[in-house]
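A quick write-up on the structure given underneath.
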Amino acid sequence: MNYAKDTLCNALAAEYVLGTLKGKARQRYETLMMENQTIRETTWLWEQHLNSMGEGLKPVTPPPAVWTNIQQKLGWIDKPDNVVPLIKEKPSGKFWQVLAGLSTAAVLLLVLLLPFTKPVVEQEITSVAVVTDQAHQPLWLIELSDTHIFTRATSNLLPQVNKDYELWMVPSDGTAPISLDLLPKNGDIQLIRPPQLVLAGVSALAVSLEPLGGSPNGSPTEVLYISPLTKV
């Protein structure tokens with residue numbers, strides 16, 4: 001099976017994030033994420049996409065009866081004597097087959113509609129990079145538009161309090177790396193994209209560990225991570 005195909009890769013990533021990819025299939029996919037940079041980036045982008053959709057929903061306060069029912073089911077309060085509990089029939093195997101089919105169809109629909117349901121952003125993202133550690137855990141998500149660089153730290157990052165992390169552009173012509181500014185230790189930061197940051201002229205992005213405030217001499221002090229920059 002060619003996991004590099006965009007449609008298949010997006011479908012599996014979406015199922016994984018939604019939780020509908022289960023059992024051995026989920027274990028195989030987790031192994032693929034460890035081995036394949038593209039699959040890791042696709043999964044991370046789906047997580048950001050679906051999470052942002054959820055964050056855009058307004059919270060709804062449930063009616064008091066919902067909390068009462070929960071307390072009754074947990075045995076915290078007694079049920080009223082005039083309530084006759086309903087006996088639920090156990091769903092048949094066919095029911096679960098239909099439910100699984102509907103879940104898969106929903107995932108495929110999401111994949112097909114992805115170009116039309118992207119979260120609203122100020123500018124269109126043209127390229128991305130996912131900076132990962134030695135254990136392949138994502139530390140920063142970096143997205144580029146024509147004029148800005150959007151950087152976001154993940155919960156996997158355990159920053160050093162007395163140090164800063166600096167982002168660098170590594171030119172493909174072998175010249176010295178160019179600083180793009182400091183990365184966030186938590187949350188996100190929007191940076192101005194320099195004119196020399198052209199995808200065709202960049203071999204990779206690098207992250208260095210620096211004293212507070214950034215590199216003291218304009219060069220990386222200790223390079224920690226290197227990540228490819230990918231067009232989207």
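Bear in mind these aren't lab numbers, they're just calculated from the coordinates by the rules spelled out. These numbers come from a predicted model, not from an experiment. With ideal geometry, Cβ positions are generated from the backbone for all residues, glycine too; neighbour counts draw on all protein chains shown.
For Ile149, the residues whose modelled amide H falls within less than 5 Å of its own, excluding neighbours fewer than 5 places apart on the same chain, are Leu191, Ile192, Arg193. Computed from point charges on the beta carbon alone (+1 for Lys and Arg, -1 for Asp and Glu), the dipole magnitude for segment 156-197 about its Cα centre is near 80 Debye.
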